[in-house]
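What follows is a set of notes on a single structure, which appears directly below.
The values are calculated or read from the model by the stated rules, or taken from the named source; none is laboratory data. Please read these numbers as outputs of a predicted model, since none were measured by experiment. All Cβ positions, glycine included, derive from the backbone under ideal geometry; neighbour counts span all protein chains shown. Side chains included, ligands, DNA and RNA excluded: accessible areas come from the protein's heavy atoms. Shrake-Rupley method; radii C 1.70, N 1.55, O 1.52, S 1.80 Å.
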Amino acid sequence: MSGRKGRRLLLIPLPVQGHINPMLQLAEILHSKGFSITIIHATFNSPDPSNYPHFTFSFFQDGLSQTQPSDLLNFLVEFNVKSVDPFKDCVTKLLRTHEAEEEPVACLISDAICYFTQAVADNLQLPRIVLRTSSISSYVAFLAYPLFRQRGYIPTQACILEEEVEELAPLRVKDLPLIKTEEPEKYYELLSNLLKETKGSLGVIWNSFEGLESPALKKLSKEFSIPMFPIGPFHKYLSSSSSSSSLISQDQSCITWLDTHTPNSVVYVSFGSLAAITETEFVEIGWGLGNSKHPFLWVVRPGLIKGSEWLETLPSGFMENLEGRGLIVKWAPQQEVLAHSAVGAFWSHNGWNSTLESICEGVPMICMPLFTDQKVNARYVSHVWKVGLQLEKKVERGEVERIIRRLMDAKAQGKEIRDRAFKLKEEAKVCLLQGASSYSSLQALVTYILSFH
Ligand code: UDP
């Protein structure tokens, strides 16, 4: 670790798992570069500070209801409205305290979706950089939202779903980062605030690397006059034991179970922390996995199945009939799972963290995106990086079985995809080496932050 720099950074994540993880990983990276760290967190979904004794935590009352955000759009809008005053009070106190401790605050690093932080930072004359936790390619698609509007893509007519959007090829209308909502104006407003306050910041940090997304990075650099820092993949700077920002306890028994399986034989299935599926989809996935005859490790988070507590809709005797070929857990140590030699495929919803974690381990993907940027990521996985197949049709057991067999096939298309995934994994490793793209970008970020007075 470098010596302390006598500068402190304030970091504010959006309080959902897929945003907390990369922000805390970024905090670890910047701490290793000599900065002191204060995490400013909403009381909602707060991570356990005892896992980070080297950081200071400061909590503010967000006024949100303490349930999981089932309506994401309203959750995001509400968070950006209700947090302004408590966040401002919190930062004002912190600036005073850290100044008195002779460790002045160099800047605020805010999740880009917490767009309300720009006005607060301006008011307190605090430099603000943002972390955008999505892929760069999906951000380019977000940037085109005036186009979605102009063409009337929300609500989306079924007849145009398969049409390619020429300006964003290879995305089709159905791959655009949209959500099903009765309130499209609210969604457009959220995107417009996100983009405006990202442009208003002093720079953007990406959990991605240049080799993976260079066309998108070039496009953005033309549109934005602020610097871009693609310094990812974040988790690869850290040892697996240091990533302990999980809000649900991770079931380690699945690693012992994976140990009993041969290389590349297991299908790992997880749809992240927010996605929800219907009971019918759940049962079809179960049958498809069972019928494929491949061993599977399936994360069924309580709350994943709409209207169910947990596994009660699975037909009785389903797991017993598999004779140990399947394991269901509530939450897994995902990075360890993906790094395990037994895992041969990842059936994912293509949240960006999951997608990047899979790329870093060379695990081919079955893509089943559900909303917003997941759809862009899935299209890039299947049609740009070509390290996975997308489940395009309705979730139905025959289709599930077929796609698993295609991807797990040690010959033909399955082999081509696996070979490409292996190459991409190597690229993800190389970019962190001294002098390579992410390494240099991180050096540039540190120098940039130190230039603030
Ligand atoms: N994750 C985990 N255990 C699980 C499932 C997911 O630790 O059983 C982690 C995963 O490694 C990733 C995050 O949760 O870092 C999910 O983020 P992602 O962007 O993939 O999806 P989101 O939850 O935001 O939809």
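Could you pull out the pairs from K219/K394; K236/K375; K306/K411; K88/K196 whose alpha carbons sit more than 28 Å apart here? Flagged as over cut-off: K219/K394; K306/K411.
GluC sites (Glu not before Pro), restricted to segment 50-137: which are DSSP loop and have at most 12 other Cβ atoms within 10 Å?
On the way: sites: E78, E99, E101, E102; in loops: E101, E102.
In loop regions of segment 50-137 (DSSP not H, G, I, E or B), the sparsely surrounded GluC sites (Glu not before Pro) are E101, E102.
Please arrange H294, H235 by accessible surface area, largest first, computed with a 1.4 Å probe and ligands excluded.
H294, H235
Among H383, L9, H41, pick out the residue whose Cα is farthest towards the positive end of the charge dipole of the chain, where Lys and Arg carry +1 and Asp and Glu carry -1 on C-beta, about the Cα centre. Towards the positive end, the residue furthest out is H383.
Fully extended, how many nm does the chain gain between R4 and S192 (0.36 nm per residue separation, minus their Cα-Cα distance)? Write down the numbers at each step before the final one.
On the way: separation 188, 0.36 × 188 = 67.68 nm, distance 3.81 nm.
Contour length minus Cα-Cα distance gives 63.9 nm.
If you put +1 on each Lys and Arg Cβ and -1 on each Asp and Glu Cβ, how big is the dipole of segment 323-453 around its Cα centre, in Debye rounded to 20?
Values: 18 positive and 14 negative charges, 76 e Å.
Approximately 360 debye in magnitude.
Here segment 108-150 is described by how far its Cα atoms reach on the three principal axes: 37, 22, 12 Å, from widest to narrowest.
Using square roots of five times the C-alpha gyration tensor eigenvalues, list the equivalent-ellipsoid semi-axes of segment 13-152 in whole Å, biggest first.
On the way: eigenvalues 142, 60, 54 Å².
Output for segment 13-152: semi-axes of 27, 17, 16 Å.
Quick check on the chain: helices-only [θ] at 222 nm, where DSSP H runs of length 4 and up contribute -39,500 (n - 2.57) each and the sum goes over total residues. Nearest 500, please. Working shown, then result.
On the way: 17 runs with 192 residues, N = 453.
-13000 deg cm²/dmol, from helical runs alone.
With viscosity 1.567 mPa s and temperature 4 °C, the Kirkwood radius over alpha carbon pairs of segment 262-302 converts through Stokes-Einstein to a diffusion coefficient of 115 µm²/s.
For segment 299-332, GluC sites (Glu not before Pro) are listed when DSSP marks them as loop and at most 11 other Cβ atoms sit within 10 Å of their Cβ; the list is E309, E312, E323.
Solvent-accessible area of D85, all protein chains in place: 110 Å² (probe radius 1.4 Å, heavy atoms, ligands and nucleic acids excluded).
At q = 0.15, 0.22 Å⁻¹ the log10 of I(q)/I(0) for segment 213-322 amounts to -0.88, -1.28, computed by Debye summation with a single uniform scatterer per C-alpha, solvent ignored. Each Lys and Arg Cβ is given +1 and each Asp and Glu Cβ -1; about its Cα centre, the chain then shows a dipole of about 1000 debye.
For the chain, the share of accessible area belonging to carbon and sulfur comes to 51 percent (1.4 Å probe, ligands and nucleic acids excluded). The Cα atoms of the chain define a convex hull whose projected area, averaged across directions, is 21.0 nm². Please work out the C-alpha center-to-center distance from segment 1-55 to segment 389-419 and express it in whole Å. Cα centroid of segment 1-55 versus Cα centroid of segment 389-419: 39 Å apart.
How much accessible area per residue does the chain have, in Å², with a 1.4 Å probe?
Values: 18790 Å² over 453 residues.
Averaged over the residues of the chain, the accessible area is 41 Å².
Here, P(r) means the percent of Cα pairs in each 10 Å bin from 0 to the largest distance; for segment 76-150 it is 17, 39, 29, 12, 3, 0. Segment 303-339 and segment 108-144 have their alpha-carbon centroids 36 Å apart.
As an exercise, use a Förster radius of 51 Å and the Cβ-Cβ distance of D85 and Q434 to find the FRET efficiency, rounded to the nearest 0.05. Numbers along the way, then the final one.
Numbers: r = 45 Å, r/R0 = 0.88.
With a Förster radius of 51 Å, E is 0.70.
Projected label points at S341 and R96, each 7 Å from Cα along the beta carbon direction, are separated by 5.9 nanometres. Ignoring aspartates and glutamates fewer than eight residues from K330 along the same chain, the ones with Cα atoms less than 16 angstrom from its Cα are D251, E309, E312.
State, to one decimal in nm², a quarter of the convex hull surface area for the C-alpha atoms of segment 135-194, i.e. the direction-averaged projected area.
Mean shadow area of the hull around the Cα atoms is 4.0 nm².
Here the label points at A158 and E320, each 7 Å from Cα along the C-beta direction, are separated by 4.1 nm in the simple model. Listed by chain and number, the aspartates and glutamates whose C-alpha is less than 13 Å from the C-alpha of K5, apart from same-chain residues fewer than 8 away, are E102, E103. Rg/Rh for segment 244-400 (Cα atoms only, Rh after Kirkwood) is 0.92. Inter-label distance, E223 to E279: 4.3 nm, where each label sits 7 Å from its Cα along the C-beta direction. Each Lys or Arg adds one and each Asp or Glu takes one away; over the other residues whose Cβ falls under 14 Å from the Cβ of S245, this sums to -4.
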